[in-house]
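So the structure is just underneath, and the comments pick up after that.
The values are calculated or read from the model by the stated rules, or taken from the named source; none is laboratory data. Keep in mind the model is a prediction, meaning the values are calculated, not measured. Ideal geometry is used to build each Cβ from the backbone, glycine not excepted, and the neighbour counts take in all protein chains shown. In case anyone asks, the SASA skips ligands and DNA or RNA and just uses the protein heavy atoms, side chains included. Shrake-Rupley method; radii C 1.70, N 1.55, O 1.52, S 1.80 Å.
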Amino acid sequence: MAENYYDSERGAAEYLLFHYGAPALRLAPAWVPAGALEFPARCVSQCLDLARLPAQARALDLGCAVGRSSFELARHCAEVLGLDFSKQFIDLANRLRRRGSFRFKSWEEGELTQARRAVVPPDLDRRRVTFAVGDATRLRPNLGEFDVVLMANLIDRLEAPLRCLERLPGLLRPGGQLIVASPYTWLAGYTPRKNWLGGRLRGGRPVWTFAALRRILAPHFKLARRLELPFLLREHARKYQLGIAEASTWVRR
């Protein structure tokens, strides 16, 4: 079986830069607008309606990767739980929670690497955050209720995304906010084609992911916000992935 990219050393390095790298390390000068940086932080700052948060709010970051969005949620929530399927990502996130920083190496060219350091913004209270390994399609029943659930670049990497979405009404309190951000890159290697929410034809007609999200979520959620969130993932010094996630915020009825 091929190695899982998210459990590889190189995959971890790319995501540590994606979450914590300084702009100079993630941006090819004069090529890509700076608006594509800080994606994990912008999933919170641009999508979360702070006025709707109650005191002592509780948040769930599904598919938290190496944890930056979880830490950003801790700016506004008293308790944050970050879950990810990758044990390596969770181990790294827990190291960052304990120490505040982590040394790693990034790929620069071929086999050449460079020493780097991931740093959690020092003004964040890391004690508010807990990380654990978890499967978004098979969540344990005792998670409790939340005021925020964030799913950033997750639904098109799940084997059964509908199963995850169907669990969400039971996780969010009335008035709670669900944030879904995704570029909708449906690939059979992650999601069997029969389980794609969109990106294919059905009866000769195109099925779009957002339309499916609206249909699935509408009985329990009201759409509050919809926007474009560009993101930049650095593979090495001269190769970058530029994506555009569609982000939507939904309020639990």
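Miscellaneous remarks
- For segment 65-198, Kirkwood radius (reciprocal of mean inverse C-alpha pair distance, Å): 16.4 Å
- Rounded to the nearest Hz, the phi-derived 3J(HN,Hα) couplings of segment 162-175 under the Karplus curve 6.51 cos²θ - 1.76 cosθ + 1.60 (θ = phi - 60°) are 4, 4, 5, 4, 5, 7, 4, x, x, 9, 9, 6, x, x, where x marks glycine and proline.
- Reachable lysines, given that their alpha-carbon falls under 18 Å from the alpha-carbon of LYS105 and they are not under 8 places away in the same chain: LYS239
- Residues whose amide H falls under 5 Å from that of TYR240, counting only those 5 or more places apart or on a different chain, are GLU235, with hydrogens built in the peptide plane.
- Projection of the Cα convex hull of segment 141-191, averaged over all directions and equal to a quarter of that hull's surface, yields 3.7 nm².
- Label-to-label distance for GLU246 and VAL133 is 3.4 nm, based on points extended 7 Å past Cα in the beta-carbon direction.
- Formal net charge of residues neighbouring PHE71 (Cβ-Cβ distance under 12 Å; K, R +1; D, E -1): +2
- Highest mean packing first, where packing is the average number of other Cβ atoms within 10 Å per residue, the peptides 72-84, 130-142 line up as 72-84, 130-142.
- Amide H within-cut-off set for ALA57, under 5 Å, with H built and near neighbours excluded: ALA78
- Between segment 182-211 and segment 35-82, the Cα center-to-center distance that results, in Å: 27 Å
- Each Lys and Arg adds +1 at its Cβ and each Asp and Glu adds -1 at its Cβ; summed about the Cα centre, the chain shows a dipole of about 580 debye.
- Share of pairwise Cα separations in the chain, more than 24 Å, in percent: 46 percent
- Spin-label model distance (nm) - ARG202 vs TYR190, 7 Å beyond Cα toward Cβ: 2.0 nm
- Accessible surface comparison of VAL207, VAL129, probe 1.4 Å, protein chains only, largest first: the order is VAL207, VAL129.
- Only one residue of PRO169, ALA65, LEU233 has its Cα farthest out toward the positive end of the dipole of the chain, where Lys and Arg carry +1 and Asp and Glu -1 on Cβ, and that residue is PRO169.
- Counted over all Cα-Cα pairs of segment 46-135, pairs farther apart than 23 Å make up 29 percent.
- For segment 175-253, the Cβ-based charge dipole about the Cα centre amounts to some 280 debye (Lys, Arg positive; Asp, Glu negative; other atoms uncharged).
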